[in-house]
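Just so it is clear, none of the values below were taken in a lab; they were calculated from the coordinates. Predicted, not measured: the structure shown is a model, and the values here were computed from it. A quick note on method: Cβ atoms are made from the backbone with ideal geometry, for glycine too, and the neighbour counts reach across all protein chains shown.
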Amino acid sequence: MADSTWILGAGVTGLAASWISGRPAFEAAPLPGGICRSYHLRPGESEPIVEAPEDGRAYRFENGGGHWVFGGDSMMNVCLSGFAHWRRYHRKSSVFFPESKLYVPYPLQYNLRYLDQTMASWAFDEMRRAPANPRGTMSDWLEQVFGPTLTELFFGPFHELYTAGLWREIEPQDGYKSPVDLTLVEQGLHGEVAGSGYNSTFLYPECGLSAFADQLAARGDIRCGMGVVRVDTEKRRVEFADGSTVPYTQLISTIPLHRMLDLSGIELHERPDPSTAVLVLNIGGIRGPRCPDDHWIYVPRSRSGFHRVGFYSNVDNDFTPRGEENRAALYVERAFRSGAAPGSAEVAAYSQSVLDELCDWGFLESAEAMHATWVDVAYTWSWPGSQWRAKAMQRLSDAGIQMTGRYGKWKFQGIADSLRDGMLAGSALKALG
Ligand SMILES: Cc1cc2nc3c(=O)[nH]c(=O)nc-3n(C[C@H](O)[C@H](O)[C@H](O)COP(=O)(O)OP(=O)(O)OC[C@H]3O[C@@H](n4cnc5c(N)ncnc54)[C@H](O)[C@@H]3O)c2cc1C
């Protein structure tokens, strides 16, 4: 049994599963880590470098934009410490309103004192009148929970950008990311509310994300460059792009759920749930005179269509070239529908537009390194009442394919939970003997 169980995908979930079980993980990409990898870019160059250059004269960027490990409990932290040295940071993030140049500390609902007083008291009244069980789509949910004032000001336009326009059709999700505790709302009308929100502290590995992924990979059996092109569920056989095959009894798959259905030729007579992509634009340059000191900011309106700007270099100066003063390393995220990747001319025009906008805002003086990455399945969503996810996972499970990880399970979660999924999957494979 044990020699016909395999893991598909070697992002953090597959890496953890291989580490625990000792079973091979087949990965399409040339390197392990999935979305959790960093790369390097020298000022004035456009070709990314995999390894950090010895002279340190390069920006460190990440494939998926800033990836900070939050939500890990003490046991997970002990586990992480076996693979890297981690630094802990206290989150500093804000909502930024470009028209008025106003920064409101995150989360907005606990910092209403930054708004005009009349607006703040309307918003508080509306939140007090929220129904006990808000229902409907994500837009209905936001409007009922936060009321029309804050929805119009921030939650509406932000979610329009963040979900690439899907927010009026999809189910609400991640309520814990937007909590409303009326005592804290009231407290925030007059003074500071300490450390609230789901990610008030976070960890990042001292030597970067790739070093962590590589250490994890070194403890498992990772076979990169092995893209799965078909899973024959009748013959119980996995087929790879290079023409080779392996038989299977059980597969642990971290490949996005809809792709796994396609690879296995399983047809569901259900409308598939949607996902959205993210174009991550990494920029290094001279820090502007009004560059905030936040780790990231949420932007409800931007000329270029992005919704979040992160500042790697405000988390740690290690992200900027060694020996250079006054440099900033940023990531800018813009959502698209999955499968709607812009062409290179469009990316170039967008990059210029973002740079102009960030310079206008005073975040940057100029750029000396810019590179964009595309994450086709970045956020997964559900249609209201959809049974697609449950049915898809069941049909695959019946065929011996157990889906796990953020994209395999089609569930919003961070690195810590994905690692946890992988460790559980690895234990299951180990138990099979
Ligand atoms: C924009 C963005 C920002 C995020 N920020 C954070 C953050 O700050 N903190 C945090 O904790 N989490 C964050 N996350 C979430 C985090 O990235 C995920 O929880 C985690 O990386 C999921 O790991 P995974 O292994 O399940 O998936 P993946 O990393 O996607 O791994 C799946 C692997 O399967 C491989 N694969 C796909 N198809 C095939 C095939 N046919 N054959 C073989 N291999 C295949 C892929 O190449 C990939 O390596 C963020 C996610 C996004 C999109």
In nm, the gap between the two label points placed 7 Å beyond Cα toward Cβ at L432 and C224 is 2.6 nm
Taking trypsin sites (Lys or Arg not before Pro) in a DSSP loop with at most 11 other Cβ atoms within 10 angstrom as exposed, one finds the longest site-free stretch of the chain at 304-433
Checking T13, T118, T254 against a Gaussian network model of the chain (alpha-carbon springs below 10 Å), the top fluctuating residue turns out to be T118
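Using the Kirkwood radius over Cα pairs, work out the Stokes-Einstein diffusion coefficient for the chain at 25 °C and 0.890 mPa s, in µm²/s as a whole number. Please report the intermediate quantities before stating the final value.
On the way: Rh = 22.9 Å.
Stokes-Einstein gives a translational diffusion coefficient of 107 µm²/s.
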Taking R0 as 35 Å and r as the Cβ-Cβ distance between V78 and L268, the FRET efficiency 1/(1 + (r/R0)^6), rounded to the nearest 0.05, comes to 0.30
For the stretch 42-180, using Cα atoms only, the Rg and Dmax in Å read 20.0, 59
Inter-part gap, Cα centre of the stretch 36-69 to Cα centre of the stretch 128-144, in whole angstrom, is 42 Å
Out of A28, A399, A348, a Gaussian network model of the chain with alpha-carbon springs under 10 Å gives the largest mean-square fluctuation to A348
Rounded to one decimal in Å, the inverse mean reciprocal Cα-Cα distance for the stretch 107-190, i.e. its Kirkwood radius, is 12.9 Å
Binned at 5 Å starting from 0, the alpha-carbon pair-distance distribution of the stretch 52-103 in whole percents comes out as 4, 12, 14, 16, 19, 15, 11, 7, 3, 0
Given Cβ charges of +1 for Lys and Arg and -1 for Asp and Glu, the option among P134, T163, Q117 whose Cα lies farthest towards the positive end of the dipole of the stretch 107-190 is Q117
Cα-based Rg and Dmax for the stretch 282-433, in Å, come out at 20.2, 61
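Which of E143, E62 has the fewest other C-beta atoms within 10 Å, and how do the rest follow up to the most? Please report the intermediate quantities before stating the final value.
Details: E143 20, E62 24.
If I rank by nearby Cβ atoms, fewest first, I get E143, E62.
Kirkwood hydrodynamic radius, the stretch 166-287, all distinct C-alpha pairs: what's the number in Å?
Values: mean 1/r = 0.0491 Å⁻¹.
Here the Kirkwood hydrodynamic radius works out to 20.3 Å.
Show me 182-190, 43-51 ranked by packing, highest mean number of other Cβ atoms within 10 Å first.
Values: 182-190: 15.9, 43-51: 11.3.
Output ranking for 182-190, 43-51: 182-190, 43-51.
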If W383, W296 are placed from fewest to most neighbouring beta carbons inside 10 Å, the sequence is W383, W296
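How many Lys pairs in the chain lie less than 20 angstrom apart by Cα atoms, where the lysines are 8 or more positions apart or on different chains?
Working: K92/K101; K92/K177; K177/K409; K177/K411; K391/K409; K391/K411.
Counting lysine pairs in the chain gives 6.
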Along the dipole axis of the stretch 158-260 (charges at Cβ: +1 for Lys and Arg, -1 for Asp and Glu; origin at the Cα centre), the most positive-end residue among V228, P205, Q215 is V228
Note on the chain, DSSP bridge orientation, antiparallel percent to nearest 5 equals 75 percent
In whole angstrom, largest first, the equivalent ellipsoid semi-axes that the Cα gyration tensor gives for the stretch 292-355 are 25, 15, 10
